[in-house]
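The values are calculated or read from the model by the stated rules, or taken from the named source; none is laboratory data. As the structure is a computational prediction, the values presented were derived from the model and not from experiment. Positions of Cβ are backbone-derived with ideal geometry, glycine not excepted, and every protein chain shown enters the neighbour counts.
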Amino acid sequence: MWKKAESFIRQCYTELDKLSEIDARLAEIKSAINHTGRYEHTYEELEYGAKAAWRNSNRCIGRLFWDSLRVLDHRNSKTEEDIINGLLEHIDYATNQGRIRSTITIFPPEINGEAVRIWNHQLIRYAGYEELTGVIGDPASIELTRACRRLGWEGKGSPFDVLPLVVQIGENEPQWYEIPAEKILEVPLRHPEYEWFKDLQLKWYAVPIISDMRLEIGGIDYTAAPFNGWYMETEIGARNLADEFRYNLLPAVAEGMGLNIRRNSSLWKDRALIELNQAVLHSYKSDKVSIVDHHSAAQQFQLFLSKEKSCGREATGDWTWLIPPLSPASTQIFHQSFEDRIDTPNYFYQEKAY
């Protein structure tokens, strides 16, 4: 821990132009680690660490805005109720009536093996029910939906039931809480040209709040630190709604368009994919909910790369994640390569808590 703490503090205080304070702060931290086996971040260190973790996130195309991340400090949360209240505050603050604010809420770190865990992959996500006739809802949520039902939750069985929040502290029994409907902003999807599209009765939620990753800052693990940006339209239109192992809606859209789905050479998947993404963009923009198209996001990423270079840093990247899933070759990212190294601070995947 000391080595990681020292490296982080030197980086943090150098970038914050506080070089004269490094030695004294390191002496405090070393003493704390020697006496207790751990140390605590100041809010300034926490804020910088969370922002730097976003900057170091290899798979994120939206890192241009890393320094605008709002950091909500909930490290004083003691109970499941405290944590639930913090999650609801995050949803309210980040949603901001559609003018999405990039936000992270940081709960107490793991101490002596006792960790706060949020079972949800995202704070707001739709349930998935396995039925004899197939899956109703989101197939990606089948396992968590089963776990929630074992805890006593029962959804309506519709394609767009929002799962409850599930929180666990250490070995305590997990607690679930239904998110009040008024806190969940959803966007009904419609197409700017196809009137029939609204008959599909599709919708999606406004804010993607990732909630099951571990934030590591200077050797301290924050196992509950939900964070969000705003959607790029392909996340919804080319993955969540289009993937065969998710909502698999391309055949329905293609049939609505009158395309021949029995011949690959008709390129029906490609044409349906474009219109599905067009509907997502049109709907979010019509409802004044923050969203970015993949071409603008790719241009923003180029600006991020140049800004990092001007600061003497070489941005990392996982090419397979950075290229958008729609028309990737039409973006500059497709024709570039990146070093896929892992810098810290950073966000890391964890084993599921259930």
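In table form, for the structure just shown:
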{"item": "Residue match in segment 212-226 (condition: touching a residue at least 60 places away in the same chain (Cβ under 8 Å), exposed (fewer than 15 other Cβ atoms within 10 Å of the Cβ) and either more than 30 Å from residue 10 (Cβ to Cβ) or within 19 Å of the chain's Cα centre (by Cα) (or both))", "result": "no"}
{"item": "Failed item in (1) surrounded by fewer than 18 Cβ atoms within 10 Å (Cβ to Cβ); (2) without any contact (Cβ under 8 Å) to a residue 60 or more places away in the chain; (3) farther than 30 Å from residue 56 by Cβ; (4) among the charged types (D, E, K, R), with residue 161 passing the rest", "result": "(1)"}
{"item": "Selection count where residues are assigned to a loop (DSSP other than H, G, I, E, B) and either surrounded by fewer than 11 Cβ atoms within 10 Å (Cβ to Cβ) or in contact (Cβ under 8 Å) with a residue 60 or more places away in the chain (or both), scope segment 170-187", "result": "8"}
{"item": "Among (1) over 29 Å from residue 42 (Cβ atoms); (2) among the β-branched types (Val, Ile, Thr); (3) surrounded by fewer than 16 Cβ atoms within 10 Å (Cβ to Cβ), the one test that residue 136 misses", "result": "(3)"}
{"item": "Among (1) free of Cβ contacts under 8 Å to residues at least 24 places away in the same chain; (2) aliphatic (A, V, I, L, M); (3) in a helix (DSSP H, G or I), the one test that residue 136 misses", "result": "(3)"}
{"item": "Residue check for residue 270: in contact (Cβ under 8 Å) with a residue 60 or more places away in the chain, acidic (Asp, Glu) and farther than 30 Å from residue 92 by Cα", "result": "no"}
{"item": "Segment 206-253, residues that are of a type outside the set (Asp, Glu) and assigned to a helix (DSSP H, G or I)", "result": "234, 236, 237, 238, 239, 240, 250, 251, 252, 253"}
{"item": "Among the residues listed as 305, 273, 259, 326, the single one being more than 30 Å from residue 219 (Cβ to Cβ), part of a helix (DSSP H, G or I) and modelled with pLDDT of 95 or more", "result": "273"}
{"item": "Residues of segment 24-72 that turn out to be surrounded by 18 or more Cβ atoms within 10 Å (Cβ to Cβ), hydrophobic (A, V, I, L, M, F, W, C) and assigned to a helix (DSSP H, G or I), as a count", "result": "8"}
{"item": "Test result for residue 76, of a type outside the set (A, V, I, L, M, F, W, C), part of a helix (DSSP H, G or I) and either modelled with pLDDT of 95 or more or crowded, with 16+ Cβ neighbours inside 10 Å (or both)", "result": "no"}
{"item": "Flag if residue 8 is aromatic (Phe, Trp, Tyr) and either more than 30 Å from residue 184 (Cα to Cα) or not in a helix (DSSP H, G or I) (or both)", "result": "yes"}
{"item": "Residue check, residue 200 touching a residue at least 24 places away in the same chain (Cβ under 8 Å), within 13 Å of residue 348 (Cα to Cα) and of a type in the set (A, V, I, L, M)", "result": "no"}
{"item": "Residue that is within 25 Å of residue 106 (Cβ to Cβ) and of a type in the set (D, E, K, R), where the choices are 190, 149, 125", "result": "125"}
{"item": "Members of segment 11-57 that are of a type in the set (A, V, I, L, M) and without any contact (Cβ under 8 Å) to a residue 12 or more places away in the chain", "result": "19, 24, 27, 32"}
{"item": "Within segment 312-324, considering residues that are surrounded by fewer than 17 Cβ atoms within 10 Å (Cβ to Cβ) and not aromatic (Phe, Trp, Tyr), the one nearest to residue 115 (Cα to Cα)", "result": "318"}
{"item": "Among residues of segment 131-184, those that are small (Gly, Ala, Ser) and touching an Asp or Glu at 6+ places or on another chain (Cβ under 8 Å), counted", "result": "3"}
{"item": "Selection from segment 5-59 of residues that are within 27 Å of residue 228 (Cα to Cα), out of contact with any Pro (no Cβ under 7 Å at 6 or more places or on another chain) and among the small types (Gly, Ala, Ser)", "result": "5, 7, 50, 57"}
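For every residue, the table says whether it meets (1) within 25 Å of residue 201 (Cα to Cα); (2) surrounded by fewer than 16 Cβ atoms within 10 Å (Cβ to Cβ); (3) in contact (Cβ under 8 Å) with a residue 24 or more places away in the chain; (4) of a type in the set (Asp, Glu).
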| position | (1), (2), (3), (4) |
| --- | --- |
| 260 | yes, yes, no, no |
| 264 | no, yes, no, no |
| 310 | no, yes, no, no |
| 329 | no, yes, no, no |
| 333 | no, no, yes, no |
| 336 | no, yes, no, no |
